[in-house]
Amino acid sequence: MREKYFGLYTTGKIPDRNKPTLESIRKSRFEKIETPFHDLSELPPNAFEQKTIDECFRALKQFCDAIDEPDVPMPKPNQIHILPSMEYHRLLEKVGEDQARSRAEQTNGMVHKGHIYLKKLLDQNRFAVVLPHEVAHVVSFQSEHVAFSWKGVERTDRQIGSQFLTKPKDGEALFSGVHEIQTEMFAMGIRHLMDFSSLGLKDDPQLHNPSAYLTHFIVWTALLKEIYTAEHGLGYWMTMSNKDLLRGTYRVLKAMETKNKGTVKILAAMGSEPEDALEAAQALGLDQETIDTIKQLLETLE
Ligand SMILES: [Zn+2]
C-alpha cells in the first residue's frame with residue numbers, strides 16, 4: 001500500500017488514512033518486525049556478548065540524542081540472535097542468499113525482517129565491531145517513515161535506509177552501496193561512544209576505523225567533502241547522512257546532485273561489492289588520488 005504524504009510517499013499500515021501521523025507510521029514499522037526463525041538453534045549470549053550488547057544499546061541511545069534524533073525506536077535484546085556457524089549458513093540458505101556457503105564464510109551478521117542474526121565469533125573485538133553495524137541496519141529499518149518518490153524510482157515495502165528498487169518486481173536494488181556506507185557511518189558513531197575498556201577489550205584501530213565497505217567509504221567522504229561549505233562543515237554533512245539513514249530522506253543526495261548533476265544516478269547504480277565503488281568513483285570523475293587510493297585498497301582486499 002502506498003500513500004501520498006506531504007509530497008513524499010510512505011508505505012506501511014496507516015491506521016487513519018486521512019491523517020497519518022509520523023507516530024503512526026513509525027508504529028507501522030514496528031508491526032512489520034516478524035517473529036524470528038524458531039527452527040534455528042541460537043546460542044544464548046555469553047557474559048562478554050551480553051555486556052557488549054548492553055553497551056552498544058547505551059551508546060546507540062547517546063548517539064541518537066547527539067544527532068538530535070532522540071525518538072528513534074530502540075531495538076530490543078530479543079531482536080538479536082547469535083548462531084553457530086552451521087546455523088548461520090542455514091539461515092543464509094533460508095533467506096535465499098546466493099552462494100550461501102561462501103557468504104556464510106565471508107560475512108559475520110545480517111538483518112532479516114527486523115531481526116539481527118550474528119555468527120558466533122571467537123574474536124571478541126570482531127564481535128564488538130560487527131554488532132553496531134547490524135544494530136544500525138535494524139535501527140534504520142525501524143525508524144524510516146518516509147521515502148522518496150524519485151522520478152521512476154519507487155520504494156518497496158521491505159527496503160531500509162536509502163535502498164530502493166527501480167521496479168519492485170525485477171528486484172534490481174538501487175542505492176545498495178550508499179545504504180551500506182551510511183549504515184557503517186552510523187555504526188562508527190555508535191562505536192565512537194562505546195566504552196570498549198569496560199568490556200575488557202584492548203584498544204585496537206579496528207574498533208574505530210570503518211570496518212566494512214572501505215572503498216565505498218572513500219567515495220562517500222570524497223563527495224561529502226565536495227558539498228562541504230563554510231557554514232556547514234564535514235561533520236554537519238556526516239550528521240545529515242546519519243539522519244538520512246534514519247529518516248529515509250534524501251537531503252545529502254540532493255545536496256550532492258545540486259553540486260554535480262548526475263551524481264544520484266551513478267550512486268543509485270553503485271552496488272555493495274568493493275569494486276562497485278571504483279566504478280562509481282570513475283563515473284563520478286573523482287580526482288586521480290582518490291581513484292588510486294581505491295585501487296590500492298582493492299588490491300589488498302583480493
Ligand atoms: Zn550491512
On a 31 Å Cα-Cα criterion, which of the cross-link pairs Lys120/Lys265; Lys76/Lys225; Lys113/Lys261; Lys51/Lys243; Lys76/Lys261 come out too long?
Lys120/Lys265; Lys76/Lys225; Lys113/Lys261; Lys76/Lys261
For Lys119, Lys76, Lys113, what's the fewest-to-most ordering of other Cβ within 10 Å of each Cβ?
Lys76, Lys113, Lys119
Added length on full extension, which subtracts the Cα-Cα distance from 0.36 nm per residue, Arg126 to Lys76:
15.9 nm
Peptide ranges 226-234, 55-63 listed from the most packed, as the mean C-beta count within 10 angstrom indicates:
55-63, 226-234
Per 0.36 nm of contour for each residue apart, how much would the distance between Met86 and Phe48 grow if the chain were fully extended, relative to their Cα-Cα spacing?
11.5 nm
Spacing of the two label points (7 Å from each Cα toward its C-beta) at Leu298 and Asp98, in nm
1.8
Note to self: C-alpha centroids of the stretch 40-91 and the stretch 224-302 sit apart, in Å, by 28
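Computed from the coordinates by the stated procedures, all read-outs in this text should not be read as laboratory data. These numbers were taken from a predicted model, which means no experiment stands behind them. We place every Cβ from the backbone using ideal geometry, glycine too, and count neighbours over all the protein chains shown.
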